[in-house]
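Input: a single structure, listed below in structure tokens.
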Amino acid sequence: MRPATTAIHGGFDDDPETGATAVPIYQTASYAYASAGELADVFHGRAPGHVYSRISNPTTHALERRLAQMEDGLGAIATASGMGAISAVMLGLLRGGDELLAVRGLFGGTVSLFHNILTRFGIKIKTLPPDADAFARAVTPATRVIFAETITNPTMDVPDLEALSRVAGEHNIPLVVDATVTTPVLGPIKRFGVDVVVHSTTKFINGHGTAIGGAIVDTGSYRWAKGRFDDLATLAGRAEQMAFLARLRNVVYRDLGACPAPQNSFLMLQGLETLPVRMPIHCENARRLAEFLDGCASVKWVNYPGLADSPYRPTVNRLYSGCGGALLTFGLADGADPFACLDALRLARRMTNLGDAKTLALHPASTIFAEYDARRRTEMGVTDDMIRVSVGIEDFEDIREDFEQAIAKAME
Ligand SMILES: *Cc1c(COP(=O)(O)O)cnc(C)c1O
């Protein structure tokens, strides 16, 4: 099946008992068996089945299979949130004394997880520009993971994943990439050598801002049996390539408890069905809005990696078929008040979140990045005039008119 078909049919055949074509919501905590022996077999993985919904659930399992198929991966684990996915991967791979190399400009929650939590367990974090040579120079014998995002936000860097995966491969380190903003539709990023993909399914996959969720996909390219992780290499003796997913499912994911509610897995499955249709419209509307803003006399700057003069345009063409994603940032002419512009928006909603069908806008410096002082914000690429937009799938002319009138009001 091709991606648009997998998004609709992947991971689930009509319910054999009732013929239901929508994935049933198995709103159950646990599962009963006819005999103690059967329960013991399922418990120990000798027979297929579910024992407890913190470990697995049939609705969530359909989502996991569909996501794994869309990412062309070995398997997937769905989590309660994007942060739940990233936490499980990091706690599943790293231990005290290990080093994590991360690209700069990551999602705020990820930065906080790395610096406020992982460092407390003796894990060292090095933040680097999105340049493979910088990563090659920073690798040491203690480096265990390289972490990047497909397109960072709000800096809109587009790391060259092919170059990063070459560096990771040379040192036998897994490359873990958060593909939330490009989704499996502009991927699968397995083809660039990414070993583990993580998603916040809250965003484009859900697509309508109705639930929080995340996912982890093992693409199958990292050889756990020959890797840098003793416990996984041992486990790979039995589980082979499934070692990482098996350890996540049976230990890390099970113990951390960030499992999704079955109802939320249903909402993610439903979102996935239309993702291949929505994503190109998000990208097209974002490109057109970026071009419109670029031509506005009252707009001082626009940052969108799909713009013709963006330094990332060639990477966007090579990796993501020219789609620069749905996020852009811009700043108004000197002296204009970004709050006045945001307050004048009629269609776009002033809110955090991204990847909603609706167009959303916010002022990063006073919201997501308010916990940092001005100097630190500048280092993070967040200026006081910056407005961030997650471009929705409304009619483009309505989006354009909204920004046109809001900018005019801000300039009065
Ligand atoms: C939102 C987001 C996350 C965190 O996901 P939650 O579902 O909110 O926990 C992680 N990475 C990126 C790139 C995000 O946009």
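The values are calculated or read from the model by the stated rules, or taken from the named source; none is laboratory data. Small disclaimer: the values here were computed from a predicted structure and weren't measured. Note that we place each Cβ from the backbone using ideal geometry, even for glycine, and neighbour counts take in every protein chain shown. Areas reflect the complete protein model, heavy atoms only, side chains present, ligands, DNA and RNA absent. Shrake-Rupley method; radii C 1.70, N 1.55, O 1.52, S 1.80 Å.
Of all the listed residues (A102, A76, A80), the sole one being more than 16 Å from A179 (Cβ to Cβ) and within 16 Å of the ligand (Cβ to nearest atom) is A80.
Entry remark, segment 148-164: residues being within 11 Å of the ligand (Cβ to nearest atom) and either of a type outside the set (S, T, Y) or in contact (Cβ under 8 Å) with a residue 60 or more places away in the chain (or both) number 6 in total. Count of segment 39-78 residues, restricted to those that are in a helix (DSSP H, G or I), farther than 25 Å from V198 by Cβ and not β-branched (V, I, T), is 4. Checking each residue in segment 360-396 for being part of a helix (DSSP H, G or I) and either open to solvent by 70 Å² or more (accessible area, probe 1.4 Å) or on the phi > 0 side of the Ramachandran plot (or both) picks out R375, R376, T378, E379. In the set (1) open to solvent by less than 10 Å² (accessible area, probe 1.4 Å); (2) within 12 Å of the ligand (Cβ to nearest atom), I189 fails one condition alone, (2). Residues in segment 192-209 that are under 20 Å from S87 (Cα atoms) and within 16 Å of the ligand (Cβ to nearest atom): V194, V196, V197, V198, H199, S200, T201, T202, K203, I205. Do you know which of the residues in segment 1-21 that are hydrophobic (A, V, I, L, M, F, W, C) and in contact (Cβ under 8 Å) with a residue 60 or more places away in the chain is surrounded by the fewest Cβ atoms within 10 Å (Cβ to Cβ)? The selected residue is M1.
Selection over segment 83-99 of residues that are under 21 Å from V181 (Cβ atoms) and either not in a helix (DSSP H, G or I) or not β-branched (V, I, T) (or both) gives a count of 6. Counting only helices (runs of 4 or more DSSP H) wholly contained in segment 182-301, the ones carrying 1 or more residues that are in contact with a strand residue (DSSP E or B) (Cβ under 7 Å, 6 or more places away or on another chain) occupy 243-247, 253-256, 262-294.
Quick check on my filter: what residues within segment 100-141 are of a type in the set (K, R) and assigned to a helix (DSSP H, G or I)? R120, R137, listed by residue number.
Taking the listed residues R54, R46, the one that is closer than 15 Å to N250 by Cβ, more than 16 Å from the ligand (Cβ to nearest atom), among the basic types (K, R) and free of Cβ contacts under 8 Å to residues at least 12 places away in the same chain is R46, with no other qualifying. Residues in segment 303-359 that are aliphatic (A, V, I, L, M) and either exposed (fewer than 15 other Cβ atoms within 10 Å of the Cβ) or part of a loop (DSSP other than H, G, I, E, B) (or both): L307, A308, A326, A333, A336, L345, L347, A348, M351, L354, A357. Checked against (1) of a type in the set (A, V, I, L, M, F, W, C); (2) more than 11 Å from the ligand (Cβ to nearest atom); (3) within 13 Å of the chain's Cα centre (by Cα), I212 meets all criteria but (2).
Looking across segment 83-94, just one residue is of a type in the set (G, A, S), surrounded by fewer than 24 Cβ atoms within 10 Å (Cβ to Cβ) and within 11 Å of the ligand (Cβ to nearest atom), and that is S87. Scanning segment 95-106 for residues that are buried (at least 21 other Cβ atoms within 10 Å of the Cβ), closer than 19 Å to Y372 by Cα and not small (G, A, S) yields a count of 2.
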